[in-house]
Amino acid sequence: MSNVSETAVTPRPAATVVILRDGREGLEAFMVVRHHEIDFASGALVFPGGKVDPHDADPAWDLLAPYAAPAPDRAFVVAAARETFEEAGLVLARRRGTQAMLDAADAHRLVETYRAGLLAGSTAFLDLVRSEDLLLATDLMVPFAHWITPAGVPKRFDTHFLLVAAPMSQLGLHDGSESVEGLWIAPRQALREAEAGTRTLVFATQMNLAKLARYGTVAEAVAATRTSLIVTVTPRVERTATGRTLHIPAEAGYGVTEFAVPMPKR
């Protein structure tokens with residue numbers, strides 16, 4: 001039996017977007033169900049996101065995605081906006097010279113015009129933003145969490161989670177490619193469904209949903225997140241007689257430091 005050495009796999013930069021709105025019964029997040037053939041988190045309920053592409057670091061974004069926060073790097077924020085467009089059908093941008101976010105009709109037109117090309121690799125997100133004279137709404141993207149996959153795992157990611165309030169009139173629509181379902185769901189409801197066995201959650205998603213469940217409104221979540229310290233979480237895996245225990249730092253603010261993962265039933 002071969003083991004992956006702890007230094008063999010370098011984490012890939014990735015961005016995940018926690019998109020929130022105020023629903024009838026409280027805070028809701030837009031989430032997608034991964035296609036079962038995707039090699040990471042297949043079939044799982046996740047926040048939209050993906051790997052940072054080389055184009056996300058193009059110097060042209062200096063003018064198209066003004067960004068003053070010390071961390072994460074601008075490329076993560078651009079990737080978050082791109083993945084939000086590709087996976088959720090939401091446009092986190094404004095027309096140049098305006099403060100209003102794009103409305104539902106304008107956003108729908110952009111999705112219909114550009115999304116298929118982006119997913120196929122024939123269109124670049126940078127070209128979309130340039131041709132439509134947009135500026136990314138980077139001021140609305142708030143660093144929420146930073147997770148790095150543990151060493152020893154074949155696929156590792158260095159993922160920055162960014163929280164954003166959904167544009168008021170945009171509804172969101174999954175891409176039908178990497179994801180097979182898109183839905184607005186209350187964090188507590190997602191956790192209940194996972195506990196009941198009707199949803200699959202990866203560990204980082206579960207912890208971040210639990211964190212979101214503390215808040216009653218989008219405004220409350222954004223305000224708390226803007227003043228929170230972001231502590232990098234790289235779970236430490238301890239093998240036990242009954243399975244595994246994942247350890248995370250108390251300073252990360254999740255309210256727990258250990259999480260038991262039982263052995264799969266045979």
Exercise for review: For Leu171, work out the one condition from (1) among the hydrophobic types (A, V, I, L, M, F, W, C); (2) without any contact (Cβ under 8 Å) to a residue 40 or more places away in the chain; (3) more than 22 Å from Tyr67 (Cα to Cα) it doesn't fulfil.
Suggested key: (2)
Review point. Glu28 passes all but one of (1) in a helix (DSSP H, G or I); (2) crowded, with 19+ Cβ neighbours inside 10 Å; (3) not hydrophobic (A, V, I, L, M, F, W, C); which number fails?
Key: (1)
Review point. Does Leu212 fit the bill of being closer than 25 Å to Leu163 by Cα and touching an Asp or Glu at 6+ places or on another chain (Cβ under 8 Å)?
Key: no
Review point. So which pairs qualify, if the first residue must be in the range 82-110 and closer than 19 Å to Ala120 by Cα, the second must be modelled with pLDDT of 90 or more and not hydrophobic (A, V, I, L, M, F, W, C), the Cβ gap must be under 6 Å, and the two must be at least 6 apart or on different chains?
Key: Glu83/Pro48; Glu83/Gly49; Glu83/Gly50; Thr84/Pro48; Glu87/Pro48; Ala88/Pro48; Leu90/Thr84
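The values are calculated or read from the model by the stated rules, or taken from the named source; none is laboratory data. Note that this is a predicted model, so its numbers are computed, not measured. So basically every Cβ, Gly included, is an ideal-geometry build from the backbone, and we count neighbours across all protein chains shown.
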